[in-house]
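Worksheet: the structure to be examined is printed underneath.
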Amino acid sequence: IQRLGKQLRSALRVPVSIAGHEIEVHASIGAACAPRHAQSPDPLLRAADLALFAAKAGGRDRLVLFDPALQQEAQERKRLLADLRGALDASQLEMHYQPQIELASGQLLGFEALMRWRHPTRGLVPPAVFIPLAEDSGLIVAMGAWALRVACRDAARWPGELRVAVNVSALQFERSTIEQHVLEALERSGLPAERLEIELTESALLQDGQHAIDLLTRLRALGVRVALDDFGTGFSSLAYLRRLPLDQLKIDRAFIADLDHPSAGPTARAIVSAINDLAQALGLHTVAEGIE
């Protein structure tokens, strides 16, 4: 199986010329053996499919052979997804708030809204576990709309001009009427648009560049602020950065965590400094994640 998989992947990698472009294909492969893993076609295909899922989750362009642990993980994932489907109606989702502070003055500027799932038996389920589930199942659209409503409602009760930042996933940005969700959340809460900031990752903006630019331009025309999250970990393309209507860059916490690291520190400091200089040149604010 390993030999055949290697041959297949090597054959697919041979570049194909299409309209003057050299296209290279990479394959993820999942495999299962009969009778060791299953004794009839349908269970065998399901086992191979679980192995394929593991190959893609592990970085793609790999071959993974089925392991019984994959079946247990799939069943656990299925149970968790079933619980997540009812979490919104059962009021198990919560919003936690992390302060954003101006370092020069120590002034509190606002808070970032962070969704948490308080499961009745599992306790607090980490976002790294349930957010991918929500995105894969499409539940993220309803959950994202809920997060906007709750964050705006809570922020409307805060004193002064404190802002609230709400994360919007790539899937939510692509598939939902995010503009309508923002308008509804602002109207229901009475929160001034200037006190709402939406945070997007590069993956959300690269799906359809012009659509993203048009949508963000309309939101900013309302007064809503826009932040680019996890800057420095994706493409970090200066070409689209120049075109996007942004207010803020957020430096990924991975760079902040390495600032004092003996070996990685000099590189991290150079990257953080460069991002900060770039943001200033473009008239954008900078948020350093994980500085606490």
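For (1) aromatic (Phe, Trp, Tyr); (2) open to solvent by 10 Å² or more (accessible area, probe 1.4 Å); (3) under 21 Å from residue 98 (Cβ atoms), each residue gets a yes or a no:
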position: 146; (1), (2), (3): yes, yes, yes
position: 165; (1), (2), (3): no, no, yes
position: 193; (1), (2), (3): no, yes, no
position: 198; (1), (2), (3): no, no, yes
Problem set entry | Of residues in segment 167-178 being under 12 Å from the mean Cα position of the chain (by Cα) and of a type in the set (A, V, I, L, M), the one nearest to residue 212 (Cα to Cα) | 170
Exercise. Could you say whether any residue in segment 120-138 is closer than 28 Å to residue 190 by Cβ, open to solvent by 50 Å² or more (accessible area, probe 1.4 Å) and among the basic types (Lys, Arg)?
Worked result: no
Exercise. What single numbered condition from (1) in a loop (DSSP other than H, G, I, E, B); (2) more than 19 Å from the chain's Cα centre (by Cα) fails to hold for residue 290?
Worked result: (2)
For this session: Could you list, in sequence order, all residues of segment 60-77 that are charged (D, E, K, R) and either more than 24 Å from residue 6 (Cβ to Cβ) or part of a helix (DSSP H, G or I) (or both)?
Result: 73, 76, 77
For this session: Kindly indicate the residue of segment 119-173 that is polar (S, T, N, Q) and under 19 Å from residue 289 (Cβ atoms) and also modelled with the lowest pLDDT among those meeting that condition.
Result: 169
For this session: Report yes if residue 90 is assigned to a strand (DSSP E or B) and among the small types (Gly, Ala, Ser), otherwise no.
Result: no
Problem set entry | Criterion: over 21 Å from the mean Cα position of the chain (by Cα) and assigned to a helix (DSSP H, G or I) - qualifying residue of 153, 157 | 153
For this session: Take the residues in segment 1-59 that are hydroxyl-bearing (Ser, Thr, Tyr) and part of a loop (DSSP other than H, G, I, E, B), then tell me which one is least open to solvent (accessible area, probe 1.4 Å).
Result: 28
For this session: From (1) closer than 24 Å to residue 32 by Cβ; (2) open to solvent by less than 60 Å² (accessible area, probe 1.4 Å), pick out the condition that doesn't hold for residue 92.
Result: (1)
Exercise. Within the bounds of segment 251-268, is there any residue that is over 20 Å from residue 202 (Cβ atoms), open to solvent by less than 60 Å² (accessible area, probe 1.4 Å) and of a type in the set (A, V, I, L, M)?
Worked result: yes
Exercise. Tally time: how many residues in segment 205-234 are modelled with pLDDT under 90 and in a strand (DSSP E or B)?
Worked result: 4
Problem set entry | Positions within segment 235-284 being assigned to a helix (DSSP H, G or I) and charged (D, E, K, R), in sequence order | 242, 243, 253, 269, 277
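The values are calculated or read from the model by the stated rules, or taken from the named source; none is laboratory data. Just so you know, these numbers come straight off a predicted model, no measurement behind them. Counting neighbours? That spans all protein chains shown, and the Cβs are built from the backbone with ideal geometry, glycine included. Surface areas here come from the heavy atoms of the whole protein model, side chains and all, with no ligands, DNA or RNA. Shrake-Rupley method; radii C 1.70, N 1.55, O 1.52, S 1.80 Å.
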